[in-house]
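Heads up: the structure comes next, in structure tokens.
Just so it is clear, none of the values below were taken in a lab; they were calculated from the coordinates. Quantities reported herein were computed from a predicted structural model and do not represent experimental measurements. Glycine also receives a Cβ, built like all others from the backbone with ideal geometry; neighbour counts cover every protein chain displayed.
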Amino acid sequence: MNAVDYFFENTWNLEKEFLCGKEEISFHELYQYSFSLSEYLRKSIGEGKNVLLISANSKFFIIVYLAIIKSGNICIPLDTLIEKDSFHYIKNLTEPSLIFLTKDIKNKLQVEDIKIILPDNLSQLQKSIRQKPDSTFDSERCAEIIFTSGSTGEPKGVMISHKNLIANTKSILEYLKLSQNDRMLVVLPFHYCYGLSLLHTHLRIGGSIVINNSFMFLGTIINNMIEYKCTGFAGVPSHFQILLRKSDTFKKTRFPDLRYVTQAGGKLATVFIDEFRESFPDVTFYIMYGQTEATARLSYLPPDMYEKKKGSIGKGIPGVKLKVVNDDGENIKPGETGEVVARGDNIMMGYYADNEGTKNTIKNGWLYTGDLGTVDSDGFIYLTARKKEIIKVGGRRISPKEIEAVILELPEVVDCSIEGVNDEVLGEALKATIVINRRNPDSINNESIRKYCSKHLALYKIPQMFEFTENITISATGKRIKKNL
């Protein structure tokens, strides 16, 4: 089954709005526009071709994204802030037959050597159509390639099949229990798998979405949630940290329609989760864990288990088997540390044009996530660090997340990033880059942090160097950007 046929299976003829806010489009209109464009693509470039899509979240993006996948071609959505070098690397690697983008991006990237379609051209390509689902379509085919920056080297292209998209959407809908009454405020970009999962699930269930591309203007987030009666909000750690400690009004505002929030894209310190739950006791908080290589989602912690399993990412979502193994691939015992591995129909096909990288990541059908963790006696998983994040100080292996969690307990701190810097004696020394709340800039300093850390951390885990700032630097996906030292 084609993933787009699955998304529209029960919703294609709904007259209600799918996209609400500054731009609007109903389910039926979206179905007609995207399926019509898919016919144009099939006739003009055939099937199985790579097609780039570069646009901010918008009606244009949604129509084109669905059309490319429906046409049997492969959608490659890219960050609108992509640098020229990265763009040309991906373009040369994937050899796209076509690029959909907006005029400002075309000018910035100076794209001239390939056929381009701009938003203004879409109306010329679309005709009203009722296209029947293709029951013979092979769901094992690649639907999209999501490029991830990775920690080093060139970006990796994660190949996601139609089966991957269908499986992950089914699982997410099962545990979140979404309905046609749900309306999600989307601040996550659609070139990011977490953002796409919001599009897929609400399209399938008959819910609605509201797009906000201006998260740093916190007032618009608050206003949108109230004005459009949003029942859901999804964010990465920095979104919740900024809302809770950078906004003067967020915690004081009531959101009568907000039913639940979801958090993924990295580990959010429990102090922030506690702060949110205390401020909004009627809002259900879902802690989730995933990777692009898993289409989006791998695990979730049932909200009613939070107090009992605080700090855990939970267990595998429906249809996903999750475990923690040692270097020999054997299940670890409670309290031991190993690598988190996953298996299910949501696991990627592999990395584009990178057989070696695929072999190192998928072994015997298991996705090796690169995340280190442990388990408790009930099988709940607790992440400890990324393999590549471990810092060695004086021969001791240190997880930066442990130190960051302690410093984040201070109410004046919005964000904290721990990294290793060269040191002639220790090999690496610990440096803390700390984002402080602008309302209390003078209430925190090196000594106050060292004193607090000494009560909760071993001496060798206390940072030796500090840098303070009032600004948190985040990527387009909302993830923290660390400085390269």
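Things to note:
- Flag if THR94 is within 20 Å of LEU298 (Cα to Cα), among the hydroxyl-bearing types (Ser, Thr, Tyr) and surrounded by 14 or more Cβ atoms within 10 Å (Cβ to Cβ): no
- Exactly one residue out of ILE82, ILE69 is assigned to a loop (DSSP other than H, G, I, E, B), in contact (Cβ under 8 Å) with a residue 12 or more places away in the chain and touching a helix residue (DSSP H, G or I) at 6+ places or on another chain (Cβ under 8 Å): that is ILE82.
- Taken over segment 285-333, the criterion of being of a type in the set (Ser, Thr, Tyr) and in a loop (DSSP other than H, G, I, E, B) is satisfied by THR295, TYR306, SER312.
- Residue match in segment 10-22 (condition: under 24 Å from PHE147 (Cα atoms) and either in a loop (DSSP other than H, G, I, E, B) or touching a strand residue (DSSP E or B) at 6+ places or on another chain (Cβ under 8 Å) (or both)): no
- If you go through segment 214-240 and keep only what is assigned to a helix (DSSP H, G or I) and either of a type in the set (S, T, N, Q) or touching a residue at least 40 places away in the same chain (Cβ under 8 Å) (or both), you end up with THR220, ASN223, ASN224, MET225, PRO237, SER238, HIS239.
- A single entry from LEU243, LEU165 fulfils the requirement of being part of a helix (DSSP H, G or I) and touching a His at 6+ places or on another chain (Cβ under 8 Å): LEU165.
- For segment 331-352, a residue qualifies if it is over 21 Å from ALA296 (Cα atoms) and of a type in the set (Gly, Ala, Ser), and the qualifying residues are GLY335, GLY338.
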